[in-house]
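> The structure that follows is given in the form of structure tokens.
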Amino acid sequence: MTKTVKIGNRVIGGGNPILIQSMTNTKTEDVAATVAQIRALTAAGCDIIRCAVPTMQAAEALSEIKKQVEIPVVADIHFDYRLAIAAIEHGADKIRINPGNIGSVERVRTVVDAAKERNIPIRVGVNSGSLEKELVEKYHGVTAEGIVESALDKARIIEDMGYDNLVISIKSSDVLMCVKAHELIASKTDHPLHVGITEAGTIISGNIKSAIGLGLILHQGIGDTIRVSLTGDPLEEIKSAKLILRTLGLRKGGIEVVSCPTCGRTQIDLIGLANQVENMVADIPLDIKVAVMGCVVNGPGEAKEADIGIAGGIGEGLIIKHGEVYKKVPEAELLEALRYELLHWNEEKA
């Protein structure tokens, strides 16, 4: 089991629930836009947010951003050690650096001392795309072993400076290499691990790569925070991360929507309906399964495993509760009828 690390008002590692991270894509210097995005991500289920800090103005903006958001803010630093120090001074709850691109040992020490003074965790990030030349040569290419050695070397630099409030992140866009690297590092360190498949891609390819990679890693009990990296709206990252955790049984809560794949018997716009249901239930705080079925032939049977379901026919639909047909409603009223049942779900139990 990993050590616990406190990030602002959250705790990771040590068997605590796996937390979901994302990263803003606004200009951090634009406080209003960044705060608006963080609040939207928080409402969607984001636990920790990372902001790029490429300028001194971005570092200074953190103090104002922090006043207006509820979740911990991580400062993402590359190359300039002065930005890391400024981010810490302006209230970052954690900083992300790669000691390899910060510069001299003395510059790294200055950053570590500033973090130590406020007991702020440092995330040591290593990416397969920036693996040191010596390790590429040693392992005859970019390998899981090389990524792990690089990450542990970077962590050791900071540990040797007397600081071990660390989180390690090793990422690769090669899914199976990423999985192997996490399996290797889990037995070699007790620092919490932030897990993600980097540069995963667009919504479809990124989701598939992330689901497979994170699924294989998390199912082995490895990982303390996750990010689904997608080329798209960061809100999509949160939706995907929640679904991955729920599918693995690592997070409860929220309505799970299941739907059939459509066939020649489908009499309604099932694709549109399923998407409408998914959007509609996003803000309903129930831990149940909802089925959306395309026909009245198999609908009632296939919806048996769900707590409640709907099945469409010609101009009308069924509402199925606990595997039994509950009532018939006109097709145009199916969605609203389902919403009514969900909003009054707990009254039925009481």
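The values are calculated or read from the model by the stated rules, or taken from the named source; none is laboratory data. All figures in this text were calculated on a predicted structure; none of them were measured in a lab. All Cβ positions, glycine included, derive from the backbone under ideal geometry; neighbour counts span all protein chains shown. To get the accessible areas, we keep the full protein, side chains included, count just its heavy atoms, and leave off ligands, DNA and RNA. Shrake-Rupley method; radii C 1.70, N 1.55, O 1.52, S 1.80 Å.
> Output the qualifying pairs, or none if there are none: Cβ atoms under 8 angstrom, residues six or more apart or on different chains, first residue in the stretch 54-80 and at negative phi and modelled with pLDDT under 95, second residue surrounded by fewer than 17 Cβ atoms within 10 Å (Cβ to Cβ) and in a helix (DSSP H, G or I).
78/101
> OK, next. Being within 22 Å of residue 46 (Cβ to Cβ) and modelled with pLDDT of 90 or more is the requirement here; does residue 286 meet it?
no
> Can you confirm whether residue 116 is within 24 Å of the chain's Cα centre (by Cα) and without any contact (Cβ under 8 Å) to a residue 60 or more places away in the chain?
For residue 116, the condition - within 24 Å of the chain's Cα centre (by Cα) and without any contact (Cβ under 8 Å) to a residue 60 or more places away in the chain - is not met.
> Kindly provide the set of residues from the stretch 319-350 that are open to solvent by less than 80 Å² (accessible area, probe 1.4 Å), at pLDDT 85 or above, under 18 Å from residue 291 (Cβ atoms) and within 36 Å of the chain's Cα centre (by Cα), ordered by number.
Of everything in the stretch 319-350, those that are open to solvent by less than 80 Å² (accessible area, probe 1.4 Å), at pLDDT 85 or above, under 18 Å from residue 291 (Cβ atoms) and within 36 Å of the chain's Cα centre (by Cα) turn out to be 319, 320, 321, 334, 335, 337, 338, 339, 341, 342, 345.
> Inside the stretch 326-350, can you point out the residues that are hydrophobic (A, V, I, L, M, F, W, C) and closer than 18 Å to residue 273 by Cβ?
329, 332, 334, 335, 337, 338, 342
> Looking at (1) in a loop (DSSP other than H, G, I, E, B); (2) under 14 Å from the mean Cα position of the chain (by Cα); (3) surrounded by fewer than 19 Cβ atoms within 10 Å (Cβ to Cβ), which is the one condition that is false for residue 42?
Tallying (1) in a loop (DSSP other than H, G, I, E, B); (2) under 14 Å from the mean Cα position of the chain (by Cα); (3) surrounded by fewer than 19 Cβ atoms within 10 Å (Cβ to Cβ), residue 42 fails exactly one: (1).
> Now a separate question. Read through the list (1) farther than 24 Å from residue 198 by Cα; (2) more than 29 Å from the chain's Cα centre (by Cα); (3) crowded, with 18+ Cβ neighbours inside 10 Å, then give the number of the only condition that residue 104 fails.
Going through (1) farther than 24 Å from residue 198 by Cα; (2) more than 29 Å from the chain's Cα centre (by Cα); (3) crowded, with 18+ Cβ neighbours inside 10 Å one by one, residue 104 breaks only (3).
> So which residues in the stretch 107-148 are under 28 Å from residue 6 (Cβ atoms), in a helix (DSSP H, G or I) and open to solvent by 50 Å² or more (accessible area, probe 1.4 Å), if there are any at all?
107, 109, 110, 113, 116, 117, 118
> Counting just the residues of the stretch 149-159 that are over 17 Å from residue 80 (Cα atoms) and among the charged types (D, E, K, R), which one comes out most open to solvent (accessible area, probe 1.4 Å)?
Here the answer is 156.
> Do you know which residues across the stretch 254-264 are in contact (Cβ under 8 Å) with a residue 24 or more places away in the chain and surrounded by fewer than 14 Cβ atoms within 10 Å (Cβ to Cβ)? First the steps, then the outcome.
Taking the stretch 254-264 as the starting set, the residues that turn out to be in contact (Cβ under 8 Å) with a residue 24 or more places away in the chain are 254-260, 262-263.
Correct list: 263 only.
> What residue, of 208, 170, 197, is free of Cβ contacts under 8 Å to residues at least 24 places away in the same chain, within 22 Å of the chain's Cα centre (by Cα) and either surrounded by 22 or more Cβ atoms within 10 Å (Cβ to Cβ) or in a helix (DSSP H, G or I) (or both)?
Values: 170 fails: free of Cβ contacts under 8 Å to residues at least 24 places away in the same chain; 197 fails: free of Cβ contacts under 8 Å to residues at least 24 places away in the same chain.
On inspection, the qualifying residue turns out to be 208.
> Which residue, of 111, 148, 179, 124, is in contact with a strand residue (DSSP E or B) (Cβ under 6 Å, 6 or more places away or on another chain), among the aliphatic types (A, V, I, L, M) and on the phi < 0 side of the Ramachandran plot? Quick ask: steps written out before the conclusion?
Details: 111 fails: in contact with a strand residue (DSSP E or B) (Cβ under 6 Å, 6 or more places away or on another chain); 148 fails: in contact with a strand residue (DSSP E or B) (Cβ under 6 Å, 6 or more places away or on another chain); 179 fails: in contact with a strand residue (DSSP E or B) (Cβ under 6 Å, 6 or more places away or on another chain).
Going through 111, 148, 179, 124 in turn, just one is in contact with a strand residue (DSSP E or B) (Cβ under 6 Å, 6 or more places away or on another chain), among the aliphatic types (A, V, I, L, M) and on the phi < 0 side of the Ramachandran plot: 124.
> Now, a different point. Starting from residues that are in contact with a helix residue (DSSP H, G or I) (Cβ under 9 Å, 6 or more places away or on another chain) and over 17 Å from residue 22 (Cβ atoms), keep the ones in the stretch 221-253 and report whichever is surrounded by the most Cβ atoms within 10 Å (Cβ to Cβ).
Among those residues, the one meeting the criterion is 222.
> Still on this structure, please answer the following. Can you pull out the residues in the stretch 233-260 that are more than 22 Å from residue 271 (Cα to Cα), within 14 Å of the chain's Cα centre (by Cα) and among the small types (Gly, Ala, Ser)?
Listed by number, the list holds a single entry, 241.
> For residue 214, indicate whether it is surrounded by 21 or more Cβ atoms within 10 Å (Cβ to Cβ), under 27 Å from the mean Cα position of the chain (by Cα) and farther than 30 Å from residue 172 by Cα. So that I can check it myself, show each step before the final result.
Numbers: surrounded by 21 or more Cβ atoms within 10 Å (Cβ to Cβ): yes; under 27 Å from the mean Cα position of the chain (by Cα): yes; farther than 30 Å from residue 172 by Cα: no.
In short, no.
> Scan the stretch 63-76 and tell me whether some residue there is assigned to a helix (DSSP H, G or I) and touching a Ser or Thr at 6+ places or on another chain (Cβ under 7 Å).
yes
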